[in-house]
Amino acid sequence: MNPNETLISSAQNTWCPGCGNFAIEHAMRYVIEEFEKEGIPRENFVLVSGIGCHAKIADYFNLNSFYSLHGRAIPVATGIKMANPDLKVICFAGDGDLYAEGLGHLIHAAKRNIDITVICHNNRVYGLTTGQYTPTSPYGYQGRSTPGGIFEYPLNIIEMLLGSGAGFVARAYSRKIPLLKRIIREAILHPGFAHVDVLQICATFFNMTSLYDEYTYETAESNISQFDSACRTSHQWNYSDKGPIPLGIFYKQIKPSLPGLSKMKDRNREESIRSILSEYS
Ligand code: SF4
């Protein structure tokens with residue numbers, strides 16, 4: 001790839017005006033340009049996306065990428081990382097995609113501490129299919145499929161990830177871009193599974209700008225190595241009530257990563273890929 005070429009591809013962008021996906025794209029572009037200045041070539045990054053509005057980000061970047069299937073971004077990202085552990089694998093997913101369709105994959109990736117970065121575009125609706133509720137929609141949410149409102153409480157995804165063993169758990173907001181950039185950078189640098197839940201504005205079907213602008217705040221991140229402290233911070237907002245809504249890194253702890261990964265690193269890359277393929281042929 002030509003380092004002088006812009007990181008943004010010529011693919012026509014079809015996100016709605018005001019969509020928070022633009023902010024995530026901007027932050028990612030900034031972070032990769034920073035890494036390039038520090039000597040990490042863009043060839044070292046691979047983007048994986050699932051299905052949904054967010055997933056188009058794989059087309060919008062001039063980077064190696066894999067546009068995967070509903071809920072299956074994490075297995076694809078895991079396979080790429082195992083085949084070539086030197087790559088930085090960044091997995092984009094939406095809340096319906098990741099917290100409903102692919103939830104089992106998310107829990108087990110956190111539990112086994114595979115060294116990938118997961119960035120969830122959490123707009124709290126299925127935007128691409130016009131606003132159905134997802135696991136993080138608030139109690140009472142009225143969407144196209146639930147005009148009477150939903151009678152279930154949302155998943156507190158931060159709490160769930162802490163309980164699953166994730167070593168890096170953070171929350172950002174698409175309208176607080178400096179924080180978003182810093183958290184994405186730290187997540188990519190974290191050696192092990194890293195999860196960033198981004199409160200992303202869906203301008204068309206669930207515009208939470210006023211509420212998030214009023215209730216989000218940046219935590220001091222003073223005890224991020226303390227599990228109990230992270231749990232307490234995660235309980236400040238249940239994804240349903242108004243707030244306060246803490247943003248920042250909740251938990252950061254270096255843990256042993258997927259067994260066998262360091263061994264694979266010593267093997268010839270082609271041999272690694274052939275051996276993985278032969279298991280499934
Ligand atoms: Fe963004 Fe919502 Fe439009 Fe999808 S439907 S592109 S999430 S504003």
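Every read-out reported here was derived from the displayed coordinates using simple, explicitly stated rules and does not represent laboratory data. Treat the numbers as computed from the prediction; the structure is a model and nothing was measured. All Cβ positions, even for glycine, are placed from backbone atoms using ideal geometry, and neighbour counts span all protein chains on display.
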Taking the C-alpha atoms of the stretch 1-151, convex hull volume expressed per residue in Å³: 115
Each label sits 7 Å from Cα toward the beta-carbon; between Glu270 and Glu43 the label points are separated, in nm, by 1.6
With a cut-off of 8 Å between alpha carbons and a minimum separation of six or more residues, what is the relative contact order of the chain in percent? 19
Hull volume per residue for the stretch 156-195, using the convex hull of the C-alpha atoms, in Å³ is 53
For the residue pair Glu218 and Tyr139, what label-to-label distance in nm results when each label sits 7 Å from Cα along the Cα-to-beta-carbon direction? 3.2
Placed amide H near Ile245: partners under 5 Å, 5+ positions off or other chain: Thr216, Tyr217
Gain upon complete extension [Thr146, Thr14; 0.36 nm per residue less C-alpha separation]: 44.9 nm
Any of Lys56/Lys111; Lys176/Lys255; Lys81/Lys111; Lys37/Lys181; Lys56/Lys242 with alpha carbons more than 25 Å apart? Name them for me. Lys56/Lys111; Lys176/Lys255; Lys56/Lys242
What's the exposure ranking of Cys231, Cys202, Cys91, Cys120, going from fewest to most Cβ atoms within 10 Å? Cys231, Cys202, Cys120, Cys91
Counted neighbours (other Cβ, 10 Å), sorted fewest up, put Ile74, Ile249 in the order Ile249, Ile74
State the extension gain, in nm to one decimal, for the chain segment bounded by Glu279 and Leu189, taking 0.36 nm per residue of separation less the distance between their alpha-carbons. 29.3 nm
If you fit an axis through the alpha-carbon atoms of helix 21-37 and take the longest principal axis of the Cα set of the chain, what angle between them do you get, 0 to 90°, nearest 10? 30
From fewest to most C-beta neighbours within 10 Å, the residues Lys37, Lys176 line up as Lys37, Lys176
Integer Hz, Karplus 6.51/-1.76/1.60 couplings in order for the stretch 126-135, x for Gly and Pro: 7, x, 4, 9, 6, x, 6, 6, 10, x
Gaussian network model of the chain, Cα within-10 Å springs - most flexible of Leu189, Leu162, Leu199: Leu189
Between exposed chymotrypsin sites (Phe, Trp or Tyr not before Pro) in the chain, where DSSP calls loop and at most 15 other Cβ atoms lie within 10 Å, what's the longest gap? 1-138
What is the set of long-range amide H partners of Gly143 at a cut-off below 5 Å, with H atoms built 1.01 Å from backbone N? Gly149
Given a Förster distance of 22 Å, the FRET efficiency implied by the Cβ-Cβ spacing of Gln226 and Glu34, rounded to the nearest 0.05, works out to 0.15
Overall Cα dimensions of the stretch 205-263, principal axis frame, Å, largest first: 49, 30, 16
Along principal axes, largest first, the alpha-carbon spread of the stretch 111-182 in whole Å comes out as 40, 28, 18
Taking only the Cα atoms of the chain, how large is their convex hull per residue, in Å³? 135
Note on the stretch 1-100: contact order normalised by length, alpha-carbon pairs under 8 Å, 6 or more apart, percent, works out to 29
Among DSSP bridges having both ends in the chain, what percentage is antiparallel? Round to the nearest 5. 25
What whole number of Å gives the distance from the Cα centroid of the stretch 25-47 to the Cα centroid of the stretch 123-140? 31
